[in-house]
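Report on the following structure.
The values are calculated or read from the model by the stated rules, or taken from the named source; none is laboratory data. Here the structure is a predicted model, which means the values were calculated and not measured. We place every Cβ from the backbone using ideal geometry, glycine too, and count neighbours over all the protein chains shown.
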Amino acid sequence: MIQSMTGYGKSVLQLPTKKISIELKSLNSKNLDVNARMPSMYRAKELDIRKGIAKHLVRGKVDFSLYVEITGEDTTSKINKTVVKEYIKQLKEVVDGDTTELLKMAVRLPDAVTTERDDIDEEEWTIIAKGIDGTISKIVAYRKDEGQILKQDFIERVANIRQLLEEVIVMDPERIAGVRARLEKGIAEIKEKVDDNRFEQELVYYIEKFDITEEKVRLDNHLDYFIKALNSEDSNGKKLGFISQEIGREINTIGSKSNYAPMQKLVVQMKDELEKIKEQLLNVL
């Protein structure tokens, strides 16, 4: 089952004295790139968080955010009363002003408010860790849903390429007949007597250079392989990318050998469908 690298998950936990909001966002990237934002007191757990994200998300540009909102009486920020009083005293020596206004100025100055770093409460962290796991599960589910949309699009575009290939196969005898007719007409116009056997041998050799039988078979096989990989249990965007390159190689060879305008139009349409597949593959895990 393919997964998109685009996803979003959010969980909100209500603890006795705080509300924890956990968010995960991801976009496509060649490798895993995790950007983690969280309060400093939880930094000790960052490595564990990153390991959990890497295990389940594998690839993508991932933004992890953990926000804390104090809802109870518990707070790590304290007013440094001694410092604030000293600031007010000094401000009074500089300007005349209302004490309330001076207080507003004083609390904005350095060291007026101190933050005490608490140790992590392991019981609290157990709850938060479960919330993080739940958020990861949500973003994985989001990625799978997006992957199903991409899969349907791939199936339709592969079917379009296959239909165009069928048209190429039907058109091929007409193309070869046209090539033969042009050569025979060219010989007739120069009014030179030629050895019929030798001419036929040269004609066969020339036409064989434009033969696309092998390319048609290989292209059909690559399309089958793409669908097989698409339906596998694992999501492997890189593998699908490699197969799409092989599909492109066969389409290009058919185009270069066709030497026939109606067939080249079909080749252009196949290339257009393949380019759309390649664009979407950049977002597949």
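Some points to look at:
- Selection of region 256-279 for residues being free of Cβ contacts under 8 Å to residues at least 60 places away in the same chain and not basic (Lys, Arg) yields Ser256, Ala261, Gln264, Val268, Asp272, Glu275, Glu279.
- Qualifying residue in region 161-174 (condition: over 30 Å from Asn231 (Cα atoms), at pLDDT below 95 and surrounded by 13 or more Cβ atoms within 10 Å (Cβ to Cβ)): yes
Listed here are the residues, each with its yes/no results for (1) loosely packed, with under 13 Cβ neighbours inside 10 Å; (2) among the hydrophobic types (A, V, I, L, M, F, W, C); (3) under 19 Å from the mean Cα position of the chain (by Cα).
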residue	(1), (2), (3)
Lys81	yes, no, no
Val84	no, yes, no
Gln90	yes, no, no
Thr100	yes, no, no
Val107	no, yes, no
Glu124	no, no, no
Arg143	no, no, yes
Glu146	no, no, yes
Phe154	no, yes, yes
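- Close pairs (6 angstrom Cβ cut-off, 6 or more residues apart or separate chains): more than 12 Å from Glu23 (Cα to Cα) in region 135-150, surrounded by fewer than 16 Cβ atoms within 10 Å (Cβ to Cβ) and not polar (S, T, N, Q) anywhere: Val140/His56; Tyr142/Tyr8
- Residue pairs meeting the criteria (Cβ under 6 Å; at least 6 apart or on separate chains; first farther than 19 Å from Lys239 by Cα, in region 1-14; second at pLDDT 95 or above and of a type in the set (D, E, K, R)): Gly7/Arg143; Tyr8/Lys25; Gly9/Lys138; Lys10/Glu23
- Wholly enclosed strands (runs of 3 or more DSSP E) of region 15-105 bearing at least 2 residues within 30 Å of Leu240 (Cα to Cα) and in the same structural domain as Val140 (by TED's automatic domain parsing): 18-27, 32-37, 60-70
- Lys25 vs. criteria surrounded by 13 or more Cβ atoms within 10 Å (Cβ to Cβ) and in contact with an Asp or Glu (Cβ under 7 Å, 6 or more places away or on another chain): yes
- Residue match in region 258-276 (condition: outside the structural domain of Asn31 (by TED's automatic domain parsing), assigned to a loop (DSSP other than H, G, I, E, B) and among the polar types (S, T, N, Q)): yes
- Of the residues examined, Ala177 is not one that is part of a helix (DSSP H, G or I) and either at pLDDT 90 or above or surrounded by 15 or more Cβ atoms within 10 Å (Cβ to Cβ) (or both).
- Checking Ser77, Ser65 one by one, the residue that is surrounded by fewer than 16 Cβ atoms within 10 Å (Cβ to Cβ), hydroxyl-bearing (Ser, Thr, Tyr) and modelled with pLDDT of 80 or more is Ser65 and no other.
- Here Lys216 meets the list (1) farther than 26 Å from Ile2 by Cβ; (2) in contact (Cβ under 8 Å) with a residue 40 or more places away in the chain; (3) surrounded by fewer than 17 Cβ atoms within 10 Å (Cβ to Cβ) almost entirely, failing just condition (3).
- The condition of being under 30 Å from Ile22 (Cα atoms) and at pLDDT below 80 holds for Asp119.
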